[in-house]
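Okay, so here's the structure we're looking at.
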Amino acid sequence: MAGLFDKQERAHAESARPLAARMRPRRLDEFAGQQHFLGPGKLLRRMLQADRVGSMIFFGPPGTGKTSLGEVIARHTKSHFVVLNAASAGVKELRAALDDARSRLQRGGERTILFVDELHHFNRTQQDVLLPDVEAGVVSLIAATTANPFFSLAGALISRSQVFEFQSLTQSDILTLLKRALTDKERGLGQSPDAATEEALNFLAEVCDGDARRALTALEIGVKSLEEGTEGRGQGGVRSGAFDLQVAQESIQKKAVLYDAKEDQHYDVTSAFIKSMRGSDPDAAIYWLARMLVAGEDPRFIARRIVILASEDVGNADPQGLVLANAAAEATERVGMPECRIILAQAVTYLACAPKSNAAYMAINQAMDDVQQQRVIPVPVHLKDGHYAGAKRLGHGEGYQYAHNSEGGWVDQDYLGVEKHYYEPTDRGYEQRIKQRLEELRARKSPVEEEL
């Protein structure tokens, strides 16, 4: 009788698990996505084929299969699978898991895969506890994290591990998982293939942002609510019976934009934003602007980046760009969200469409590099200040020609002491006129006689 009750208890426990947990893959051929490192001939696939699974770091967005792949690897390698969550476990639990792994290895040669979820919650000292047993092969560590490990994990741990970046699942991957869960009679929902409309499944596959857990949870909510008769009713209260678009929309909560203002998502999105404006793509730039604003990025930070780009990438090809960007920054400071989104959008689209030049940016970088790396050029005597007492006795300012006293406001005079060109205007936008003017002036200028 005890065995019967045990079986019933296991069945009840299994039925209580969410659909996403029940539908975790059991074999490699059931695993969806991540073909860039798990596909035929790729690194992780080769490691599994050679049965040489060392320590690994899985990082990427939620719901992309990090935990599931850890379980599949443990089954594939016939290893004991131990799971710890760094958000709730401490050094005591970690040491106990390592001691147990050592005992299993010594007693019967059984290998252990220690899966530590959200490892970035451990501080560097806690992470260091893992190092001796990882190096000795007592455990094969699989550390999972949504944070970029190069920002959040100890360098010593990274150097001893293979790092695999998980990508968001494609819409096709999600659709495969949804249909499998819908029809699976053992672990899934056991419905007929036409129990959900293609429109509803496509909606979930798109709106879940590549998060399989989110899509499967919504599917389970919708189907179960239909079974209870609390949703999916047509006109007059007649139950429609199908998981349709309306049910799908009502079964999934508004998404949270994945964006950590302190980690790599912040830098990645900002980088895409700047590069889109630099590349003259206003549509992409507006999307990345929206991504930052929806995620809660400080609009003043965005405005500062726009001002920098106005000089660095637009420059004198359109001098009005800096004026507009600075005005947008000041208006953003005064107005704030949500209205400042309009002001930022105006500046972003203007600068994205403006002609581009980084000539001023390159000029100051080269000049500063010369100041730091080469001999400092002394100020020519005729340019030195001649207004203080004693300057005349030193000859300072002697021979200087006041440009405004000459026709055209220009005089042939040396201002640097060496022949050096830093600013090289482009032929784009207003800078084309600057280039023409500068070429004319340089052609009229006498060669500089440099001192040896």
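Being without any contact (Cβ under 8 Å) to a residue 12 or more places away in the chain, among the aliphatic types (A, V, I, L, M) and part of a helix (DSSP H, G or I) is the filter here, so list the residues in segment 382-410 that pass it.
Pass one, segment 382-410, residues without any contact (Cβ under 8 Å) to a residue 12 or more places away in the chain: 387-394, 402-409.
Those left that are additionally among the aliphatic types (A, V, I, L, M): 389, 391, 394, 403.
Within segment 382-410, A391, L394, A403 meet the criteria.
Going by the conditions given, is E419 open to solvent by less than 60 Å² (accessible area, probe 1.4 Å), under 29 Å from S311 (Cα atoms) and not polar (S, T, N, Q)?
Considered against the rule, which asks whether it is open to solvent by less than 60 Å² (accessible area, probe 1.4 Å), under 29 Å from S311 (Cα atoms) and not polar (S, T, N, Q), E419 comes out as no.
Can you find even one residue in segment 184-192 that is in a helix (DSSP H, G or I) and at pLDDT 80 or above?
No.
Quick one: which helices (runs of 4 or more DSSP H) sit completely within segment 26-139 and have at least 3 residues that are of a type outside the set (S, T, Y) and under 21 Å from T176 (Cβ atoms)?
On the way: elements: 35-38, 43-49, 66-76, 91-108, 124-128, 131-136.
Those helices (runs of 4 or more DSSP H) span 35-38, 66-76.
Spot the failing condition for I158; the list is (1) open to solvent by 30 Å² or more (accessible area, probe 1.4 Å); (2) in contact (Cβ under 8 Å) with a residue 60 or more places away in the chain; (3) over 16 Å from F37 (Cβ atoms); (4) of a type in the set (V, I, T), and only one is missed.
(1)
Mind telling me which of the residues R95, R160 ends up being under 30 Å from the mean Cα position of the chain (by Cα) and of a type in the set (K, R)?
Values: R95 fails: under 30 Å from the mean Cα position of the chain (by Cα).
It is R160.
From the list I57, I113, which residue is over 24 Å from the mean Cα position of the chain (by Cα) and open to solvent by less than 50 Å² (accessible area, probe 1.4 Å)?
Exactly one residue qualifies, and that residue is I113.
Please list, ordered by first then second residue, the pairs with beta carbon atoms under 7 Å, 6 or more apart or interchain, first in segment 15-31 and basic (K, R), second open to solvent by 80 Å² or more (accessible area, probe 1.4 Å).
Once the first residue is basic (K, R) and sits in segment 15-31, its partners that are open to solvent by 80 Å² or more (accessible area, probe 1.4 Å) give R26/R75.
Taking into account only those residues within segment 425-449 that are open to solvent by 100 Å² or more (accessible area, probe 1.4 Å) and acidic (D, E), which is nearest to the chain's Cα centre (by Cα)?
If we take residues in segment 425-449 being open to solvent by 100 Å² or more (accessible area, probe 1.4 Å) and acidic (D, E), then E439 is nearest to the chain's Cα centre (by Cα).
If you take the residues in segment 286-296 that are more than 10 Å from T270 (Cα to Cα) and of a type outside the set (V, I, T), which one is most open to solvent (accessible area, probe 1.4 Å)?
Of everything passing the filter in segment 286-296, Y287 is most open to solvent (accessible area, probe 1.4 Å).
All but one of (1) in contact (Cβ under 8 Å) with a residue 24 or more places away in the chain; (2) assigned to a loop (DSSP other than H, G, I, E, B) hold for L441; which doesn't?
Here L441 clears every test but (2).
Going by the structure shown, is Y267 under 17 Å from the mean Cα position of the chain (by Cα), at pLDDT below 90 and open to solvent by less than 40 Å² (accessible area, probe 1.4 Å)?
Numbers: under 17 Å from the mean Cα position of the chain (by Cα): yes; at pLDDT below 90: yes; open to solvent by less than 40 Å² (accessible area, probe 1.4 Å): no.
No; evaluated as a whole, the condition is false for this residue.
Among the residues of segment 410-431, is there at least one that is of a type in the set (S, T, N, Q), at pLDDT 85 or above and over 30 Å from R278 (Cα atoms)?
For segment 410-431, residues of a type in the set (S, T, N, Q), at pLDDT 85 or above and over 30 Å from R278 (Cα atoms): present.
Can you name every residue in segment 193-206 that is assigned to a helix (DSSP H, G or I), under 16 Å from E227 (Cα atoms) and open to solvent by less than 50 Å² (accessible area, probe 1.4 Å)?
A195 - this is the single residue of segment 193-206 that is assigned to a helix (DSSP H, G or I), under 16 Å from E227 (Cα atoms) and open to solvent by less than 50 Å² (accessible area, probe 1.4 Å).
Taking F122 and the conditions (1) in contact with a Ser or Thr (Cβ under 6 Å, 6 or more places away or on another chain); (2) without any contact (Cβ under 8 Å) to a residue 60 or more places away in the chain; (3) not polar (S, T, N, Q), which numbered condition does it fall short on, given that it satisfies the others?
The failed condition is (1).
Among the residues of segment 354-374, are any surrounded by 12 or more Cβ atoms within 10 Å (Cβ to Cβ) and either farther than 24 Å from I434 by Cβ or touching a strand residue (DSSP E or B) at 6+ places or on another chain (Cβ under 9 Å) (or both)?
no
Given the options Q346, Q320, name the one that is open to solvent by 80 Å² or more (accessible area, probe 1.4 Å) and under 27 Å from E424 (Cβ atoms).
Sole residue among the options that is open to solvent by 80 Å² or more (accessible area, probe 1.4 Å) and under 27 Å from E424 (Cβ atoms): Q320.
The values are calculated or read from the model by the stated rules, or taken from the named source; none is laboratory data. Bear in mind that the values here come from a model prediction, so they are computed numbers and not experimental data. Cβ atoms come from the backbone with ideal geometry, glycine included; neighbour counts cover every protein chain shown. The protein model used for the area step is the full one, side chains on, heavy atoms only, and it has no ligands, DNA or RNA in it. Shrake-Rupley method; radii C 1.70, N 1.55, O 1.52, S 1.80 Å.
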